[in-house]
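The values are calculated or read from the model by the stated rules, or taken from the named source; none is laboratory data. If you're wondering where the values come from, they're calculated on a predicted model, not measured in any experiment. Please note: Cβ atoms are built from the backbone with ideal geometry, for glycine as well, and neighbour counts cover all protein chains shown.
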Amino acid sequence: MGSEIPGSDVDWDYPLTDEDLRAIDSAICSAAAPKRHALSARDTDDDASAGSPPKTRRRLPESLFVFQHQQNNDNTNNPTFSFSPCSRNRFSGGSSSSHLSTFQEIKFGGRIIYGRTLEEVERAAKELLDFVETKKREEGQCILGLDIEWRASFRRGVAPGKAAVMQICGGNNCCYVLHIIHSGIPKNLISLLENCTSLKVGVCIANDAAKVLQDYNVSINRLGDLSDVANRKISGDPKKWSLSSLTEMLICRKAPVRKILYWGTINITTFMSMVFNVHGILVDAAKGQLPKPSKIRLGNWEVDVLSMEQIKYAATDAYVSWYLYQVLKNHPDPVGSAETVAN
């Protein structure tokens, strides 16, 4: 079988001092003040102290946003998502009141099966075929998150490379990263892709299917475009979603974290019990940002062996595609709409 990339348990503890807690209280009280008071005070200060040095504004302690990650070799009870610090905060500003918000990067934390030889990819596809049949028998359907990667071209007149990597994920526990630029697409994988038993979902997945058809003469049947589903499910003007923007829109929330901050320390088990349901899927209080670093996204996917960063990136994309479909499927239809997400 292909190489298995085990998930890792991530733990962080960050004790808060009394000074930190006082700073947090001060920031929360300041944020709760009416915006008009802040504007009035600012105008008054500007008029009264024109030309004077700017005042130093109080900021939250940096320790609040620095999570100290420690690797744990025990992979039991490993959560599907892991989180790492993220510098971006869409909700920062004067509009928040008693809530503090940060985005955390989403990373798939389950098992990753990486296959690069024909035999490894064939065995991986056989496992997926068995998985599809089991899901169909138990639940009546099977949803697979699917995405592909290829080497970008930065020279005018030079076409991009063939589809080099295909990542497939059907749940919280395991994702498959198949290095098809080396293995080709063997019989079992052809059967999986052409089989209409499973719904393959992703953002602009029809484009991925067209590229696979062009590069390998293999059809991917029964597609579900997350962007189209989102536009049917979410009121407002239709948009052309990217996987990143759809992730932020659907699972990023301004979560009340003040209660967490007042605990002296918090470990990953406690934290996950608060934001994950029993199936390991993020609930509405969760916040996440899908990282898309250019050095990986636009990197060389035709290398002999993918790096760990590339493997994790690919697996996360496939997983998020699968997960977002579950979110959209359970999202209420707009008022007056009778449309539902097709199974």
Any idea which residue in the range 162-216 is nearest to CYS142 (Cα to Cα), counting only those that are in contact with a helix residue (DSSP H, G or I) (Cβ under 6 Å, 6 or more places away or on another chain) and in a helix (DSSP H, G or I)?
-> LEU192
In the range 198-210, residue farthest from the chain's Cα centre (by Cα) [restricted to those that are surrounded by 16 or more Cβ atoms within 10 Å (Cβ to Cβ) and not hydrophobic (A, V, I, L, M, F, W, C)] | SER198
Quick check: anything in the range 181-194 under 24 Å from the mean Cα position of the chain (by Cα), of a type outside the set (S, T, N, Q), modelled with pLDDT of 90 or more and under 23 Å from ARG297 (Cα atoms)?
-> no
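For (1) modelled with pLDDT under 70; (2) of a type in the set (D, E, K, R); (3) under 19 Å from ASP208 (Cα atoms), each residue gets a yes or a no:
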position: ARG232; (1), (2), (3): no, yes, no
position: TRP241; (1), (2), (3): no, no, yes
position: GLU248; (1), (2), (3): no, yes, no
position: THR270; (1), (2), (3): yes, no, no
position: VAL275; (1), (2), (3): yes, no, no
position: GLY280; (1), (2), (3): yes, no, no
position: LYS287; (1), (2), (3): yes, yes, no
position: LYS292; (1), (2), (3): yes, yes, yes
position: TRP301; (1), (2), (3): no, no, yes
Cβ pairs under 7 Å, 6+ apart, first in the range 195-215 and farther than 19 Å from ASP228 by Cβ, second assigned to a strand (DSSP E or B) and modelled with pLDDT of 95 or more | THR197/CYS142; VAL212/ILE148; VAL212/ALA163; ASP215/ALA163
Being in a loop (DSSP other than H, G, I, E, B), of a type outside the set (Asp, Glu) and at pLDDT 85 or above, is that true of even one residue in the range 115-129?
-> yes
